[in-house]
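Single-structure report; data block below.
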Amino acid sequence: MCGIVGAVAERNVQGILLEGLKRLEYRGYDSAGMAVLTSEGRLQRRRALGKVAALEERLMDEPLPGHSGIAHTRWATHGRPSELNAHPHQSGERLAVVHNGIIENHESLRRELEAEGYAFTSETDTEVIAHLLERESRRAGDLLTAVRRVLDQLNGAYALGVIHADEPGVVIGARKGSPLVVGVGIDEAFLASDSLALLQVTDRFIYLQEGDAVRLSAGGRIEVFDDEGTAVERAVQTFEHGDGAASKGDYRHFMLKEIHEQPAVIAAALEGRLGERSALVESFGPEAETLFRQVRQIHIVACGTSYHAGMVARYWLERYAGVPVQVEVASEYRYRQVVVPEGTLFVTLSQSGETADTLAALRFARERGYLASLAICNVPGSSLVRESDLTLMTQAGPEIGVASTKAFTTQLTALMLLTLALGKVKGLGEGVQSDLVSALRCLPDLVARVLKLDPAIERLSTAFAEKHHALFLGRGAHFPIALEGALKLKEISYIHAEAYPAGELKHGPLALVDSEMPVISVAPNDELLDKLKSNLQEVRARGGELFVFADEDVGLQEAEGIRVIHLPHVHEALAPILYTLPLQLLSYHVAVLKGTDVDQPRNLAKSVTVE
């Protein structure tokens, strides 16, 4: 959630840095700060709790003129929101650093530094980096070498910006697990965690790769080094101007654009939140680890698509964290006598953070003795985020289409991060954690592969053009995915659709199956596959037409009345995320065939802010 801006220029950089911070406000933050090397070679810093406007007011009274500097907006992970914990952090009067991410081994490094006489003034993990840099810069004699030596000592995720009074006109940057981009100007150079922060000064960017370090110096000189310390050339790319979120671009509808954005937004949801072999618990806030150790049960409350995400998470949390989970529709939750066992974490899910029923449920829960509240949300400044104890932002970006797509898959991604974080403090095996982390890293590429099936799914959709009803089936964690598929189809195509656990067919829904009732099923390669195959045979025996999205390894083949699209193999736990995408595409193409208003379906609103 944090934001970095840096600049080296012949002009005063204060305004550039401040404008960059303003452009990063959408990410969410609780404090802001800036450090600049003045023309006299002095390092000066200003910090403020709250909005960038508070920092701007302070700079009006105490300006920071200079030609090189760094700035930051912070979202608290280690240490409460306060001016002392705000970035930049210093070691002495000559070095300052800004940092996005989490340093997992900060406690042991802090003890080592304190034993050497370094005094800490904040509760953050970042101050450890500042003192390490001060120590190594004295030993190395130059800042870039010091940075590289410090990086070798850090475990976790980071993007860094560093300045030192001994090297005026120089900004050093480095990244591992958290994004960092270099802005290419005319005789000036810039650094940021997001290219949007720098569009006021350039439209040319170098996107640093994992493990890269960069030195920006006077005259716009840019030197990039890979994780071996070798000087490398990275391509300069031109940013295509325009508000991408408010434009459909080359897509026919916002919904289709947002479906195809899912590889990027899932990667963004993971960025900076995964360590080498485990999730970074601190991603959920500075008190998260202490609170998670006390969690004995979880209540998840949400509406619509978010409710389906919560249903999937129940399977994950109970399996990997060993914590019992209850999932409820927010509009029903507060109208009954709720029993709250000791140590219960209250989790809300909402794309907008303003969903009336979910927000009311949070306020109702405050009086019921929950251990704490956690909001998983896409809008940093929303009411749900402000009123919750812990938060995790999904990083989906603006979603214009009423039918949620990328907001859903990023919620699922965030819920898997929650599962891993809770599992970590509850003793989940290191091998299991490592396998899931590796699978999560591969997930954006697998999502991109599924999206290449779009033409085949579009052809499949023609079978639904004249249908009035549809039945979706899934087992285990894929029953909620079937529910989500049915919801998407009814939302935008106006075809009546229902979803059932496949094992429930004989208990009623089988009576609906005939040649006019298309039956859609997801068939991942998991322990329930054989039972699912039996359920599908029950459908064929009644003349139902089957449309199956199946793992490429399960051996399901097309036959009379059975249409099959094969998906790439994915870790069993992450299959619900992957199998959501073909159902989104199917609903989209059916709606286009039926000529409905895909992005603004009748009677529905994007953010439901009334009960």
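Each reported figure results from applying straightforward, stated rules to the coordinates on display, with no laboratory input. As the structure is a prediction and not an experimental result, all values here were calculated from the model. Heads up, the Cβs are rebuilt from the backbone with ideal geometry, glycines too, and the neighbour counts pull from every protein chain shown.
Can you put H308, H164 in order, fewest other beta carbons within 10 Å first? Show your work: numbers first, answer last.
Values: H308 29, H164 23.
So the ranking, lowest neighbour count to highest, is H164, H308.
Here the gap between S515 and E40, fully extended at 0.36 nm per residue and compared with their Cα-Cα distance, gives a gain of 162.7 nm. Sequentially through region 352-368, phi angles give Karplus couplings (6.51, -1.76, 1.60; θ = phi - 60°) of 7, x, 10, 4, 4, 5, 5, 5, 5, 5, 4, 5, 5, 5, 4, 8, 10 Hz, Gly and Pro residues having no value and appearing as x.
Give the Rg/Rh ratio for region 254-594, taking Rg as the radius of gyration of the Cα atoms and Rh as the Kirkwood radius, to two decimals. Please report the intermediate quantities before stating the final value.
Numbers: Rg = 19.5 Å, Rh = 20.3 Å.
So for region 254-594, dividing Rg by the Kirkwood Rh gives 0.96.
Among the listed pairs K176/K248; K452/K488; K22/K257; K257/K488; K176/K452, which are separated by more than 24 Å between their Cα atoms? Walk me through the intermediate numbers first.
Details: K176/K248 32 Å; K452/K488 20 Å; K22/K257 27 Å; K257/K488 16 Å; K176/K452 29 Å.
From the list (K176/K248; K452/K488; K22/K257; K257/K488; K176/K452), the Cα-Cα distance tops 24 Å for K176/K248; K22/K257; K176/K452.
Net charge of the neighbourhood of K406, taken over other residues with C-beta under 10 Å away and scored Lys/Arg +1, Asp/Glu -1, is -2.
How high is the relative contact order of region 254-594, given as a whole-number percent (alpha carbon pairs under 8 Å, six or more residues apart)?
That works out to 19 percent.
Among V162, V181, V312, the ranking by other beta carbons within 10 Å of each residue's beta carbon, starting with the fewest, stands as V181, V312, V162.
Between R11 and R368, the contour length at 0.36 nm per residue exceeds the Cα-Cα span by 122.9 nm.
The relative contact order of the chain, computed from alpha carbon pairs under 8 Å that lie at least 6 residues apart in sequence, is 11 percent.
Each Cα pair under 8 Å and six or more residues apart adds its sequence gap; the mean of these over the residue count of region 1-153 is a relative contact order of 22 percent.
Using DSSP, restrict attention to beta bridges with both residues in the chain and report what percent are antiparallel, rounded to the nearest 5. Don't skip to the answer; put the middle values down first.
Working: 63 of 105 bridges.
The antiparallel fraction comes to roughly 60 percent.
Maximal additional length on extending the K506-K426 stretch stands at 24.9 nm, based on 0.36 nm per residue less the C-alpha distance. Proximity of backbone amide H atoms, modeled 1.01 Å from N, is registered between D125 and H78 at under 5 Å, excluding neighbours fewer than 5 places apart on the same chain.
With neighbours defined as other Cβ atoms within 10 Å of a residue's Cβ, the residues M416, M255, M311 order from fewest to most as M311, M416, M255. The calculated FRET efficiency for E538 paired with S108, based on their beta-carbon distance and R0 = 56 Å, is about 0.45. Rg/Rh for region 1-78 (Cα atoms only, Rh after Kirkwood) is 0.96. The label-point distance for F120 and E25, in a model that sets each label 7 Å from Cα toward Cβ, rounds to 3.3 nm. Only helices enter this figure: runs of n ≥ 4 DSSP H residues, each worth -39500 (n - 2.57), summed and divided by the residues of the chain, yield -10500 deg cm²/dmol at 222 nm to the nearest 500. All Cα-Cα separations within the chain were binned at 10 Å from zero, giving a P(r) of 3, 16, 25, 24, 17, 9, 4, 1, 0, each value a whole percent of the pairs.
What is the Cα radius of gyration of region 3-238 over 2.2 N^0.38 Å, N being its residue count?
On the way: Rg = 15.9 Å, N = 236, 2.2 N^0.38 = 17.5 Å.
Computed over Cα atoms of region 3-238, the ratio equals 0.91.
Whole-Hz Karplus values for region 38-54 come out as 6, 4, 7, x, 8, 8, 10, 9, 10, 9, 8, 7, x, 6, 4, 4, 5 Hz, taken residue by residue from phi with 6.51 cos²θ - 1.76 cosθ + 1.60 and θ = phi - 60°; glycine and proline positions read x. Taking a straight line from the alpha carbon of K506, these lysines sit under 19 Å away, with near neighbours fewer than eight places off in the same chain left out: K531, K533. Taken one residue at a time, the phi angles of region 7-20 give Karplus couplings (6.51, -1.76, 1.60, θ = phi - 60°) of 7, 10, 8, 7, 8, 5, 8, 4, x, 5, 5, 5, 5, x Hz. Gly and Pro are set to x.
Distant-in-sequence amide contacts of R204, defined by a placed amide H-H separation under 5 Å and a gap of 5 or more residues or a different chain, comprise V184, F239. Per-residue packing, averaged as other Cβ atoms within 10 Å, sorts the ranges 40-52, 325-337 into the order 40-52, 325-337, beginning with the highest.
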